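Asks: Below: one structure in structure tokens.
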Amino acid sequence: MLIFETAQAMQAWCKQQKKAGQTIGLVPTMGYLHQGHLSLVQEARRQCDRVVVSIFVNPIQFGVGEDLDKYPRDLSGDCQLLEEAQTDAVFAPSARDMYPEAYATFVEMEGTITNRLCGASRPGHFRGVTTVVSKLFNICLPDQAFFGQKDAQQVLVIEKMVRELNFPLEIVRVPIKREADGLAMSSRNVYLSSEQRRQALVLSQALQQAGAIIGQGERDPAKIIAGMQTRIESAPEARIDYIEIYRAEDLADIKQIEGKVLIALAVKFGNTRLIDNLLVEV
Ligand code: AMP
């Protein structure tokens, strides 16, 4: 497995691969890998000749006071997992290499897709994401790029950006990987105390409960959200950032549950902010 630390070297290798007729699958990550990330790598392995995984804690997608400095990192552990998963190349650049001094070019999406949910709680977050992902696409030249449904809004934003900026590649969505008890896997789960980890189960339970009552015929988003709120507030340390329901395709408002909807939540336990979601189709 090759490891590249500069955009220039990574891009040169990807160009060579393309010239030799190999397809490239890219899996963008911030590292501290778990089985959720590895399910993306496996999907890329299945679909592409060459698998490139980027590991980059992107400073410009973190807001002031967020966890950039203490975001968990373990490059050698990550590389071991990626080698076992038959990754061909890892791209692990420095922040300086990605954003040299006086860097000034950003990609920004307007409108409801980036303004609601995490876009409302984390101003500037998606501008950081669209900028870094555009750079990664230009550096790694993927035919397909793999994103997790765990970050449901992120994948919507990336799909829209790819369409609107005509990036010549396909976005592949990979389902949420969960712990045996239902908690969505996340690099941030390591921040949780054992008590918070236990309480965090209310998130997947609240989503399941919402799915079940929709299955029983409930169509009023406000009632579904109220039920979820009660369930989540039963965990003493939970502080709700948002629980919202939108049309899945474009995060448009809905008056009642119909077609495909996204139920999304963000909840803090102490300083740890967790997100989870459920796609429901009626
Ligand atoms: P991150 O390292 O958190 O930026 O995540 C990198 C990629 O892995 C993103 O596309 C995430 O959506 C995806 N991912 C993270 N956690 C999971 C999970 N539990 N299941 C599926 N995909 C995930």
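Asks: Checking ILE158 against (1) under 21 Å from ASP67 (Cα atoms); (2) aliphatic (A, V, I, L, M); (3) touching a strand residue (DSSP E or B) at 6+ places or on another chain (Cβ under 8 Å), which single condition isn't satisfied?
Replies: Going through the list (1) under 21 Å from ASP67 (Cα atoms); (2) aliphatic (A, V, I, L, M); (3) touching a strand residue (DSSP E or B) at 6+ places or on another chain (Cβ under 8 Å), ILE158 breaks only (1).
Asks: Name the single residue that is nearest to ASP78 (Cα to Cα) among those in the stretch 161-192 being of a type in the set (Gly, Ala, Ser) and in contact with a strand residue (DSSP E or B) (Cβ under 8 Å, 6 or more places away or on another chain). First the steps, then the outcome.
Replies: In the first step, residues of the stretch 161-192 are kept if they are of a type in the set (Gly, Ala, Ser); the result is 180, 182, 184, 186-187.
Add one more test, that the residue is in contact with a strand residue (DSSP E or B) (Cβ under 8 Å, 6 or more places away or on another chain), and what stays is 184, 186.
Numbers: ALA184: 19, SER186: 14 Å.
Per the stated criteria, the residue is SER186.
Asks: Okay, moving on. Return yes or no: is VAL41 within 16 Å of the ligand (Cβ to nearest atom), in contact with a Phe, Trp or Tyr (Cβ under 9 Å, 6 or more places away or on another chain) and assigned to a strand (DSSP E or B)? Full working, then the answer.
Replies: Details: within 16 Å of the ligand (Cβ to nearest atom): yes; in contact with a Phe, Trp or Tyr (Cβ under 9 Å, 6 or more places away or on another chain): yes; assigned to a strand (DSSP E or B): no.
Criteria not met by VAL41.
Asks: Filter the stretch 140-164 for residues that are within 15 Å of the ligand (Cβ to nearest atom), surrounded by fewer than 20 Cβ atoms within 10 Å (Cβ to Cβ) and not acidic (Asp, Glu) and give the result.
Replies: GLN144, GLN149, VAL155, VAL162
Asks: Quick check on my filter: what residues within the stretch 42-82 are surrounded by 14 or more Cβ atoms within 10 Å (Cβ to Cβ), β-branched (Val, Ile, Thr) and free of Cβ contacts under 8 Å to residues at least 60 places away in the same chain?
Replies: VAL51, VAL53, ILE55, VAL57
Asks: Something else now. Could you identify the single residue in ALA238, ALA180, ALA206, ALA212 that is surrounded by fewer than 17 Cβ atoms within 10 Å (Cβ to Cβ), away from the ligand (no atom under 16 Å from the Cβ) and not assigned by TED's automatic domain parsing to the domain that holds MET30? Steps first, answer last, please.
Replies: Details: ALA238 fails: surrounded by fewer than 17 Cβ atoms within 10 Å (Cβ to Cβ); ALA180 fails: away from the ligand (no atom under 16 Å from the Cβ); ALA206 fails: surrounded by fewer than 17 Cβ atoms within 10 Å (Cβ to Cβ).
Selected residue: ALA212, the only one of ALA238, ALA180, ALA206, ALA212 that is surrounded by fewer than 17 Cβ atoms within 10 Å (Cβ to Cβ), away from the ligand (no atom under 16 Å from the Cβ) and not assigned by TED's automatic domain parsing to the domain that holds MET30.
Asks: Does ALA12 satisfy the criteria of being of a type in the set (Gly, Ala, Ser) and either within 16 Å of the ligand (Cβ to nearest atom) or touching a residue at least 12 places away in the same chain (Cβ under 8 Å) (or both)?
Replies: On the way: of a type in the set (Gly, Ala, Ser): yes; either within 16 Å of the ligand (Cβ to nearest atom) or touching a residue at least 12 places away in the same chain (Cβ under 8 Å) (or both): no.
When the stated conditions are applied, ALA12 does not pass them.
Asks: Which of (1) within 15 Å of the ligand (Cβ to nearest atom); (2) within 30 Å of ARG197 (Cβ to Cβ); (3) buried (at least 17 other Cβ atoms within 10 Å of the Cβ) is the odd one out, the single condition GLY119 does not satisfy?
Replies: (1)
Asks: Is it the case that the stretch 132-139 has a residue that's exposed (fewer than 14 other Cβ atoms within 10 Å of the Cβ), out of contact with any Leu (no Cβ under 6 Å at 6 or more places or on another chain) and more than 30 Å from VAL51 (Cβ to Cβ)?
Replies: No, because not a single residue in the stretch 132-139 is exposed (fewer than 14 other Cβ atoms within 10 Å of the Cβ), out of contact with any Leu (no Cβ under 6 Å at 6 or more places or on another chain) and more than 30 Å from VAL51 (Cβ to Cβ).
Asks: Of the numbered conditions (1) outside any helix (DSSP H, G or I); (2) without any contact (Cβ under 8 Å) to a residue 40 or more places away in the chain, VAL155 fails exactly one; give the number of that condition.
Replies: All conditions are met except number (1).
The values are calculated or read from the model by the stated rules, or taken from the named source; none is laboratory data. Here the structure is a predicted model, which is why all the values come from computation and not from measurement. Please note: Cβ atoms are built from the backbone with ideal geometry, for glycine as well, and neighbour counts cover all protein chains shown.
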